């Protein structure tokens, strides 16, 4: 798979690139001893499950961006709703995970899922700019949660 579509997204949407770079630098620049984020203790199995979900969310966002770069907003909407949106909650075991999360973390997660469903609706309408703005709401919820909480 060529990286050209992704590069094209970042050329057209420089804020997307800045957000990704900020996220990577923010995570990589902190050690556990100096990390100011709230530690959320989860049983090891749930920690692994949550990390798997997070990796799938990131992969889904990557697939959404690649679809949008190809002008496939319909495909981006499908990915968003099925993997990130409100209809994905059962597949991610969200109800089992919620009991272990602090209220703010639950709210951020719920907001991300709601924003993904709103993005899917915007993408189905076929207008790229409103869809990109709606996708920004999805990633903003991710950034808010990852900036406030950690599980390791």
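Bear in mind these aren't lab numbers, they're just calculated from the coordinates by the rules spelled out. In this text, all values refer to a predicted model and were calculated from it rather than measured experimentally. Every residue, glycine as well, gets a Cβ built from its backbone with ideal geometry; the counts of neighbours run over all protein chains shown.
You can think of it this way: the chain between residue 129 and residue 95 has 8.9 nm of extra reach, that is 0.36 nm per residue less the Cα-Cα gap. For region 45-150, the relative contact order works out to 26 percent when only alpha carbon pairs closer than 8 Å and six or more residues apart are counted. Label reach from residue 45 (point 7 Å along Cα→C-beta): in region 75-113, amide nitrogens under 18 Å belong to 91-101.
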